[in-house]
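Engineer: I'd like to ask some things about the structure below.
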């Protein structure tokens, strides 16, 4: 077996943004795995962006695409997947009967509660590992990073654009 010149690197030697990127992917995997263990199958991390948008209220695929800054085709595909999995359902808008809006189902709201619980559990584990003060400091750094990257408003309004491969 050839190692192609690969050099091992200890996690402590990664820079902040490399560590953050790897951590984000690992947290996504952890949450999706927790949901799968709870019987919520078929979900992938990218679905979370659409679920978060629907927490703001029912929307058409076009409205979600506009809010998330993605193509209408990508939004329609993801919403259709969530409908097929039973986490989202289409309904008719009470103010305009021609509009077909997507909304979370009871199962979709259960996914939200389970994901929140999994994230809270992971927060608790990390807080226990490093202590309240260090945990609060790390959280402050992460919030500052979100601000520096201009995500404040998108987070507040549940309009965070999914990564290209997740949309």
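Readers should treat all values here as calculations from the given coordinates under stated rules, not as data from a laboratory. Since the structure is predicted, the reported quantities are computational estimates derived from the model, not experimental observations. Because the Cβ atoms are built from the backbone with ideal geometry, glycine has one as well, and the counts that use them run over all protein chains shown.
Engineer: For helix 72-85, report the angle its Cα long axis makes with the longest principal axis of the Cα atoms of the chain; keep it between 0 and 90° and round to the nearest 10°.
Structural biologist: 90 degrees
Engineer: Along the Cα→Cβ direction, 7 angstrom out, place labels at residue 37 and residue 120. What is the inter-label distance in nm?
Structural biologist: Result: 1.7 nm between the two label points.
Engineer: Sum -39500 (n - 2.57) across every DSSP H segment of at least 4 residues in the chain, then divide by the residue count to get the 222 nm mean residue ellipticity, nearest 500.
Structural biologist: After summing the helix terms and dividing by the residues of the chain, the value is -19500 deg cm²/dmol.
Engineer: Specify the angular offset, from 0 to 90 degrees and rounded to the nearest 10, of the alpha carbon long axis of helix 106-130 from the longest principal axis of the alpha carbons in the chain.
Structural biologist: It is inclined by approximately 20 degrees.
Engineer: For residue 90 and residue 146, what does the FRET efficiency come to when R0 = 45 Å and r is the distance between their Cβ atoms, rounded to the nearest 0.05?
Structural biologist: The value I calculate is 0.90.
Engineer: Here is a further query. Report relative contact order for the chain in percent, whole number only (criteria: Cα-Cα under 8 Å, sequence separation at least 6). Please list the in-between numbers first.
Structural biologist: On the way: 137 pairs, mean separation 41.6, N = 167.
Across the chain, relative contact order equals 25 percent.
Engineer: According to the Kirkwood expression over distinct Cα-Cα pairs, how big is the hydrodynamic radius of the chain, in Å?
Structural biologist: 18.0 Å
Engineer: Mind giving me the nanometre distance, one decimal, between the label points for residue 127 and residue 13, set 7 Å out from Cα along Cα→Cβ?
Structural biologist: According to this spin-label approximation, the distance is 3.5 nm.
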